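Following: one structure in structure tokens, then a few remarks.
FYI, it's all coordinate maths here, none of it is from the lab. Since this is a predicted model, take the numbers as computed values, not measurements. Every residue, glycine as well, gets a Cβ built from its backbone with ideal geometry; the counts of neighbours run over all protein chains shown.
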Amino acid sequence: MESLSPVLSPTAVKFSYPKLASMAAYAATLPSFSFTSMASAQRRTPTSIHSAKPTKTLSATATTNPISVPPKKVLVPIGYGTEEMEAVIIVDVLRRAGADVTVASVEPQLQIEASCGTKLVADTSISSCSDQIFDLVALPGGMPGSVRLRDCAALQEITRKQAEESRLYGAICAAPAVTLLPWGLLKRRQTTCHPAFMHKLPTFWAVKSNIQVSGGLTTSRGPGTSYGFALCLVEQLFGESIAKEIGESLVLIPVANGSEDIEVVTIVDILRRAHVDVIVASVEKSVRILGSQGTKIIADKLIGVAAESTYDLIILPGGNAGAERLSKSRILKNLLKEQELAGRVYGAGKKATAHPSIVSKLTNEVINGTKVVIDGKLITSRGLSTVTDFALAIVSKLHGHARARSVAEGLVYDYPRS
């Protein structure tokens, strides 16, 4: 297994000149901080020789319906001190599902500073939303963000009407206790919130669950449960099938002439066995590529088309010639830069393992002799003999040991107990 670069260093990981170690997997977390630039990603199931499933585009409405159905309208208010992970994840997931999400600032200006210092830019002011009808109002938490939302009279009136007219509303983290409770919108509703604020909830109605649905109200606990919270809202708006599709991980595997055949095919095979949505994208002018050992492989799409989506994971296969051609792809370089700028890429200063021929060239902390190393969100592997371990490690990282062990059993492969 060869490397895109002879050196895995902080400079390389920063992608100022993006050449990365082979078989390095980078996990996605958050989208761009400007809400107006956050496009809803359409997830497509590959239709190449790797998969027999038909192509489908995630849509809130049936494509065969000649009647134009307006998208579901969602309001996500933000203010000074709003928890940024919660706000961005809620917006991103709902837009992926096809919702028309409006991010409204409760402050005099559109740009706000979130609870951990991230600067977010809203689409509009909350005052412009007062005469609109929303299918869902979703309140992120954070402090003092929840207080800022609570003190906004316009938002209070919008949310009160939402509850009175039996439309969906939800809150996460501190917002159920700090914002909705003083507004009187938790009456006779089972509610959960951040553990630090549970004592504020009425004892009889307080529930220690990650997500709680009670009538039209949905509440959740904090940043760690925000993805599940958002998926729960998607399910209520669009149905279980859409929520399930959104919940699947989307993985990109760029390939080129000279990419290592075994690595590409094995990784794709194992991830799809684990029901991971995998996109194989060619950086060549054609979707047809020739592997390092002469295997002809047809990618799902060209890298230019694949770049239109956001990925939870990008996996770079090895192969000397293939790695070199990947490193020359301007589109792939931009994708990796976007991954980093959006907070989805980690690796500088990480522990790593690699093919024996290049271990001595790595400047980061190297664990020599190890098959697979998982350190934060960087996953590396040594070579062809460890590719199965590598793919199973990715499955475990995405969906847990239970699913990885299940896939391993189907392969008649010994999955480590620890």
Report summary line: Counting sequence-distant residues (5 or more places) and residues on other chains, those with an amide H built under 5 Å from that of S249 are D277
**Report entry** Potential extension, K161-S125 segment - 0.36 nm per residue separation minus Cα distance
**Finding:** 11.1 nm
**Report entry** Gained length - D151 relative to W183, 0.36 nm times residue gap less alpha-carbon distance
**Finding:** 10.5 nm
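Can you tell me which of 184-196, 82-94 comes out highest on packing, and rank the rest after it, using the mean Cβ neighbours within 10 Å?
Numbers: 184-196: 18.3, 82-94: 27.2.
Descending packing order for the listed peptides: 82-94, 184-196.
Want the number for Q111 to I331: 0.36 nm per residue separation, take away the alpha-carbon distance, what's left?
Full extension from Q111 to I331 adds 76.2 nm.
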Query - Fraction of beta bridges assigned by DSSP in segment 73-245 that are antiparallel (%, nearest 5) - result: 25 percent
Query raised in the report: Rounded to the nearest 5, what % of the DSSP beta bridges within segment 182-311 are antiparallel ones?
Result: 45 percent
Report summary line: Computed over segment 73-245, the relative contact order (Cα-Cα under 8 Å, seq sep at least six) in percent reads 22 percent
Query raised in the report: From the square roots a ≥ b ≥ c of the eigenvalues of the alpha-carbon gyration tensor of segment 73-245, which class results: rounded (a/c under 1.5), prolate (a/b over b/c), or oblate?
Result: rounded
Report task. Grab the beta carbon distance between W205 and S406, set R0 = 35 Å, and tell me the FRET efficiency rounded to 0.05. Result -> 0.35
